[in-house]
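Below is one structure; the comments refer to it alone.
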Amino acid sequence: MFQERCIRIMDEMYKEDMKHAVKAMNDEALIWGVKSSPLVIAYENFMYDVIGHICSRQYMNIRWYNKLPPQHISFLKVTMMTFMLNL
C-alpha cells in the first residue's frame, strides 16, 4: 500500500513539475537519526516499481551520464578506452 501511494505521488509530481519531481528523488532528509533519500529508501525496501518509475530513471540518467545525450555516451566510452589502451 505504501509503494502504491509513493507511485501516485510521484505521478502527480511529475505531471505538475518534471524537473522538481526528478530532483526530489535525491532529496536527503534526517529521519530518526538516519540521513536518507527516497531512492535509497525504495532500494533498501525492495520497492522496484518506485525505482523503475520515470522520475527515478531520469534522476539516475542525470547522475550516471551527467546530462549527456545517449549518442555521446558510446563515443565517450570508445574515446576513453582508446586513450587508456594507448598509455
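The values are calculated or read from the model by the stated rules, or taken from the named source; none is laboratory data. Because the structure is a prediction, the values reported are computed rather than measured. Cβ atoms come from the backbone with ideal geometry, glycine included; neighbour counts cover every protein chain shown. Accessible surface areas use protein heavy atoms only, side chains included; no ligands, DNA or RNA. Shrake-Rupley method; radii C 1.70, N 1.55, O 1.52, S 1.80 Å.
Taking a ≥ b ≥ c as the square roots of the Cα gyration tensor eigenvalues, with a/c under 1.5 meaning rounded and otherwise prolate when a/b beats b/c, else oblate, which class fits the stretch 1-41?
It comes out oblate by the Cα gyration axes.
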In debye to the nearest 20, how big a dipole does the stretch 1-73 give about its Cα centre with +1 on each Lys and Arg Cβ and -1 on each Asp and Glu Cβ? 260 debye
For the stretch 1-41, which chymotrypsin sites (Phe, Trp or Tyr not before Pro) are both in a DSSP coil and crowded by at most 16 other Cβ atoms within 10 Å? TRP32
Just to make sure I understand: if all protein chains stay in place, what is the order of GLU16, GLU4 by accessible area at 1.4 Å, largest first? GLU16, GLU4
